[in-house]
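Below: the structure, in structure tokens.
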Ligand code: SF4
Ligand code: SF4
């Protein structure tokens, strides 16, 4: 089973090919195989698989990737709509950052 | 290198300053202990001995989990005692590592820690545990507690630089949203390599010169992973379920045609059964059948399960659709059950490993108003069906 696909055409992922140095870090960190490197350099090959985790943009040394990262978690969105808990998903109280978290199916 | 087994008999007596417990979805120990900063302590039940190093005596752990470790995992899965399911942050020795042994980084959620060491039978390695407040890597990275600052701080505080000669470390790939590898290098001198997503691939990754195959880098969401999240989903829904059940029982008792008790048994108990069916559909069947359910949006998946469940239930009850009261009752449950199932299914986005925030927001914009409307409408229709029987 490959990556499951959620809603299409919603991901906020953007790549600035001008800045990209082709280091390949984003290929390593992306958990959904969104990027591919080919003859023309780095490409977004599977945008719909992006879960907006933000791993690629945080680890891009050239600052070539932008994504509005956040938690794809309905409870968090409801909480933030109700002004509760700063929009926390499920991992305990807010820690000050405005980033939130979601759980992983993986035990690690 | 001397060894002792002092930690072994400390089993069970290990105490942790606990703040509070909070229910959550499957993401691991919530706000766990505010671990003191004294570093990895020898006085923890899973520590099997100690190793003297240039950075002092470090706790030794084994790749074999004890029965106590496994029992703790089971309890955590069911939301019991999750608050003290943390290990002290700091440096641990797995086996008999030397100054050239690899350094692996993880969170101080006990399950993350156990998962890592269990994946490395017969290996010698250093395990650097970051203080993520007892939360797993994935969640903590999203929060930023599994982050660049904590990693850089923990490298210094643990004396890692004195313990190993090389300047490489292996980070879990799922920690990448919290850590900027290039900054870690700049701030600490350590080059951070992202290991595979699943701990069981780490031996292959290490043997392969810190290279992961494409499969090792992809997060999946297989049946087993979905199934273990069910207890926590159910737990999260338990309280609203109980309150709603109580309300329906009372309503059925008061509004029914006959005496309070007869009504309660006839309509009230069935209402609770129907509620449970909705809960079962949304929080159990949806996670299990996720890839095979129609639609991409989770609420659509839950809706389809809810409709099927509701129809099955109506047939089982053998409602008399010849009479108006019966028809109205069927309509009520066809509204209520799918609405609840869809809502619960939508909540499972929080536990899934592939839903994006933009997607969830889009889904909620259409699904949430519909779910609320259908739920309230269904409730009113159900009350009407009770009153209709008066005639
Ligand atoms: S991490 Fe940044 S610079 Fe490196 S390949 Fe990806 S986009 Fe290009
Ligand atoms: S945000 Fe996450 S899922 Fe999306 S492309 Fe970047 S690393 Fe991949």
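Legend: ranking of residues A:82, B:104 from fewest to most surrounding C-beta atoms inside 10 Å; resulting order A:82, B:104.
Annotation: the residues B:292, B:382, sorted from fewest to most other C-beta atoms within 10 Å of their own C-beta, follow the order B:292, B:382. Taking 7 Å steps out from each Cα toward its Cβ at residue A:47 and residue B:315 produces label points 4.4 nm apart.
So, in Å, what gap is there between the alpha-carbon centers of the stretch B:185-209 and the stretch B:243-304? Value for the Cα centre distance between the two parts: 47 Å. Mean-square fluctuations from a GNM of chain B, with a 10 angstrom spring cutoff on Cα atoms, peak among B:158, B:258, B:299 at B:258.
Computed from the C-beta positions of residue B:390 and residue A:82 and an R0 of 60 Å, the FRET efficiency is 0.95 to the nearest 0.05.
Working ranking of peptides A:48-57, B:317-326, B:220-229 by packing, defined as the average number of other Cβ atoms within 10 Å per residue, highest first, is A:48-57, B:220-229, B:317-326. Taking every residue in B:359-368 and counting other chain Cβ atoms within 10 Å of its Cβ, the average works out to 5.
Averaged over peptide B:129-137, the number of partner chain Cβ atoms lying within 10 Å of each residue's Cβ comes to 3.
Rounded to the nearest 10 degrees, the angle from helix B:357-388 to the longest Cα principal axis of chain B is 30 degrees. Between residue B:166 and residue B:124, the distance separating the two model label sites (each 7 Å from Cα on the Cα→Cβ line) works out to 1.4 nm.
Once R0 is set to 60 Å, what does the formula 1/(1 + (r/R0)^6) return for the Cβ-Cβ distance between residue B:235 and residue B:156, expressed as a FRET efficiency to the nearest 0.05? Here the calculated transfer efficiency is 0.95. Averaging over all projection directions, the Cα-based convex hull of chain B occupies 21.9 nm² in the image plane.
Per residue of peptide A:4-13, the mean number of Cβ atoms on other chains within 10 Å of the residue Cβ is 6.
Restricting the calculation to Cα atoms, the stretch B:101-207 shows an Rg/Rh of 0.92 when the hydrodynamic-style radius is the Kirkwood one. Axis of helix B:67-77 versus longest Cα principal axis of chain B: the two differ by about 40°, to the nearest ten degrees. Peptides B:108-120, B:342-354, B:241-253, ordered by how many other C-beta atoms sit within 10 Å of their residues on average, highest first, read B:342-354, B:108-120, B:241-253.
Against the main long axis of the alpha-carbon atoms of chain B, helix B:148-158 sits at an angle near 40°. Taking 0.36 nm per residue of separation and subtracting the current Cα-Cα distance, fully stretching the chain between residue B:366 and residue B:99 would add 90.4 nm.
Take the Cα of residue A:62, go 7 Å toward its beta carbon, and the backbone nitrogen atoms of the stretch A:22-47 under 20 Å from that spot belong to A:22-31, A:33-47.
No lab work stands behind these numbers, since they all come straight from the coordinates. If you're wondering where the values come from, they're calculated on a predicted model, not measured in any experiment. Cβ atoms come from the backbone with ideal geometry, glycine included; neighbour counts cover every protein chain shown.
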